[in-house]
1. Can you give me the number of residues within the stretch 341-360 that are in contact (Cβ under 8 Å) with a residue 60 or more places away in the chain, out of contact with any Gly (no Cβ under 7 Å at 6 or more places or on another chain), exposed (fewer than 14 other Cβ atoms within 10 Å of the Cβ) and not charged (D, E, K, R)?
2. When the residues of the stretch 40-58 are filtered to those that are modelled with pLDDT of 90 or more and more than 24 Å from LEU135 (Cβ to Cβ), which remaining residue is surrounded by the fewest Cβ atoms within 10 Å (Cβ to Cβ)?
3. Assuming THR128 fulfils every condition listed in (1) closer than 30 Å to ALA201 by Cα; (2) in contact (Cβ under 8 Å) with a residue 12 or more places away in the chain apart from one, which condition is it?
4. Quick one: is LEU307 surrounded by 18 or more Cβ atoms within 10 Å (Cβ to Cβ) and out of contact with any Leu (no Cβ under 6 Å at 6 or more places or on another chain)?
5. Go through the residues of the stretch 286-302 one by one and say whether even a single one is modelled with pLDDT of 95 or more and either of a type in the set (S, T, N, Q) or closer than 24 Å to THR159 by Cα (or both).
6. Just the residues that are surrounded by fewer than 16 Cβ atoms within 10 Å (Cβ to Cβ) and over 25 Å from the mean Cα position of the chain (by Cα), please, taken from the stretch 145-156.
7. Suppose the filter is surrounded by 21 or more Cβ atoms within 10 Å (Cβ to Cβ), touching a helix residue (DSSP H, G or I) at 6+ places or on another chain (Cβ under 6 Å), at pLDDT 95 or above and part of a strand (DSSP E or B); does ASP331 pass it?
8. Name every residue in the stretch 319-349 that is touching an Asp or Glu at 6+ places or on another chain (Cβ under 7 Å) and within 15 Å of ARG36 (Cβ to Cβ), in order of residue number.
Amino acid sequence: MHIILASALILAAGFDPPFLPPVGGVGVETRSLGARAFAMGGATAGVPDSNTVSVYNPAASGWASATGLTWGLSGVSGDDGNWTGKLGFPHVSLVFPVPWGITLSGCLSSKSRLSSEGEFVYDGGTGTASWEGGLTEGWFGLSARAGSTLSFSLGSRSTFGSISGEIVTYPDSLIGPFVPLNAQYLDEAVFKPSTGLLFGAFWKTGVFNAGVSITTDRRGNLDIHRDGVGNLSEDTTFQYTIPGDFTAGISVRPHRRFLVAADFYSRKRLSLLQATVEPGSIYSGGIEYLASGNIRLRGGVSVTEGLWRDGATRYTTGFGYSFGSGRASVDVGAGYETWGDGLSETTVYATLWASENWLE
C-alpha cells in the first residue's frame, strides 16, 4: 500500500527527509459507544441510561441514582487490518451523582486506530514505513436536572492520542552529512488534547424520551518528533482541528418490557495528516426487551452515509444481565458490518458495570 504522496512533503518543512504521514491519517474511526448502545445499533442520545455515560449525549445520564463505573473490552475480526486481531479497551466511564440534582460524569473511548505498513516514494528516494497508534475521545462535565422531566449537560469534549512510525529511507543519493544512504529513524506525531464544548439536553417522560447534543469544533497542537539513528532529533508543531458534530435521538416505551430507539448523527469534513474523511451521517435504530427481571435482550441496525465507511451497514445484537440486587451488570454486544466491495467485519463487545450508592 502506498502511504505517501508528493504533496505531503510540505507538511514538515525542515525535516530531512520530510515527515511522511500515512495516507490513512490516524486510522479508521469507530463510534464511542458502550456495549448497550452498540447492541442497539448505536442508538444512545435519546435512551435514558443511569449506568454508562455517552459522549453523544451525557444528559441522558442525568437521573443516575448511584455512582457507577464501567469498563469495556472488545475484539474485532474482518477485512480492516487496523482493528483485526487486536483486543482493546474501547470504553471507560464514571457517573457520579451529587446532591441538588447534579450528576458529574466522565469517559474515555477509542476513536480510531492505525496499524499499517508499506512502501512510499518521495522526492529523492524511496522507503518503507510501519505505523501504529490511534486517537481517544474524552468527556468530562456535569448534567443538571431542571424539574422531573428535563436534564441539561455542559462540559468539555476532547480528542488526543499519537501515532508512531518506524521509517527506513533509501535516498537516490546522499542528501546531507547527517543522513546515511540507508537512513532509519522514528517519527512520532503526538496529538495534544483538542478541546471543545459539548451541550446536551434530555427530555424524559417514561413513555417517550428525546435527546440532542452539539459539540463545537476542537483545536489542538500536533507535535511531530523525530528520533534518528545517527540523525539529529528534530521537532515541529502544527495545529489540527476536529470538526464539531450533532446527535439527536428518541426512544419510546410502548410497553414496560419494550424500548424502541432511533438516532441521527452528523459530522463535518475531517482532515488530519493529509487524509480526509468526508462529511456524512449515521442512522441508527434498536430495540431492548426485558425478558426477565435480570436479563435484557437487544438488537439493532445502523447505516452510514459518507464519513469513514460510506455505505456501511451494521447489524447488532446482544444482552444485558444484572446481578447483586441490581448494583452490577454485564452487557455483551456483537455486530456484523459490511461495506465497500464485499468487505465485512465482526465485533464482539462486553462491558462490566459496578455501582455504589454514596447518597444513601
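1. Looking only at that region, the number is 4.
2. Only one residue tops the list, namely PRO48.
3. (1)
4. Values: surrounded by 18 or more Cβ atoms within 10 Å (Cβ to Cβ): yes; out of contact with any Leu (no Cβ under 6 Å at 6 or more places or on another chain): yes.
When the stated conditions are applied, LEU307 passes them.
5. yes
6. ALA146, GLY147, SER148, THR149, LEU150
7. Judged against the criteria, ASP331 is a match.
8. From the stretch 319-349, those touching an Asp or Glu at 6+ places or on another chain (Cβ under 7 Å) are 320, 337, 343-345; that's our starting set.
If the condition is that a residue be touching an Asp or Glu at 6+ places or on another chain (Cβ under 7 Å) and within 15 Å of ARG36 (Cβ to Cβ), then GLY320 is the only one that fits.
The values are calculated or read from the model by the stated rules, or taken from the named source; none is laboratory data. Everything numeric here is computed off the predicted structure, so don't read it as measured data. Positions of Cβ are generated from backbone atoms using ideal geometry, with glycine treated the same way; all protein chains shown enter the neighbour counts.
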